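Structure record follows, encoded as structure tokens.
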Ligand code: HEM
């Protein structure tokens, strides 16, 4: 129960925002893009929560003895975080983000090019983390704890750059 509740909360949050978005479209199409922006931010928060927490789990998992109860528990936590929260929220972030770019006619803006470059790096990191989840699941991790401590900082740096580009729009 305690393992599934964060996943449920994320799915419910995305679902509620999507339903409100659809409802408002029927009621007042002018506000549609603001509701999609709200959905985008909710999805991005869920995605980032996983991108910041998963490498932290790797830090602890890397020193847990293979086959121990602790190690098996980390495997379940990592798999659920990736599949139930990070994968769906990344897809929603991309789909709604691209829709916002199209509806706001932002595709020729420099800030969006910069943001897309950083989000592509973030997505590549997501793919790398998904691979680490598989390696840990097969007890094949070979990276030391220190490696994950350093990697842990990359999503934070990318997130700061992405938020500055989309809010300040410096170019
Ligand atoms: C996945 C690909 C993404 C695309 C294509 C995308 C695109 C966009 C677009 C076009 C907007 C509307 C900007 C405006 O109306 O001024 C927006 C808003 C926003 N995005 Fe993204 N985005 C993506 C991912 C992200 C990520 C990963 C973050 C944070 C780490 C993020 C944070 C935000 C925020 C905070 C806003 C609201 C900005 C405001 O209203 O001033 N986005 N996004």
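The values are calculated or read from the model by the stated rules, or taken from the named source; none is laboratory data. Everything numeric in this text was worked out from a predicted model, so none of it was measured. Cβ atoms come from the backbone with ideal geometry, glycine included; neighbour counts cover every protein chain shown.
At a glance:
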read-out: Selection count where residues are buried (at least 20 other Cβ atoms within 10 Å of the Cβ) and within 11 Å of residue 7 (Cβ to Cβ), scope segment 49-81; value: 2
read-out: Long-range neighbours under 9 Å by Cβ, at least six apart or interchain, first residue at positive phi within segment 153-171, second modelled with pLDDT of 95 or more and within 7 Å of the ligand (Cβ to nearest atom); value: 169/112
read-out: Check on residue 97, near the ligand (Cβ under 9 Å from one of its atoms) and at pLDDT below 95; value: no
read-out: Residue tally, condition assigned to a helix (DSSP H, G or I), over 14 Å from the mean Cα position of the chain (by Cα) and surrounded by 15 or more Cβ atoms within 10 Å (Cβ to Cβ), over segment 93-125; value: 8
read-out: Conditions (1) under 14 Å from residue 59 (Cα atoms); (2) loosely packed, with under 14 Cβ neighbours inside 10 Å; (3) in contact with a helix residue (DSSP H, G or I) (Cβ under 7 Å, 6 or more places away or on another chain): number failed by residue 153; value: (3)
read-out: Residue within segment 136-150 that is surrounded by 14 or more Cβ atoms within 10 Å (Cβ to Cβ) and within 17 Å of residue 46 (Cβ to Cβ) present; value: no
read-out: Pick from segment 126-146, criterion without any contact (Cβ under 8 Å) to a residue 60 or more places away in the chain and part of a helix (DSSP H, G or I), ranking: nearest to residue 93 (Cα to Cα); value: 127
read-out: Residue within segment 47-61 that is modelled with pLDDT under 95, under 22 Å from the mean Cα position of the chain (by Cα) and within 16 Å of the ligand (Cβ to nearest atom) present; value: no
read-out: Selection count, segment 158-171, where residues are more than 22 Å from residue 78 (Cα to Cα) and assigned to a helix (DSSP H, G or I); value: 9
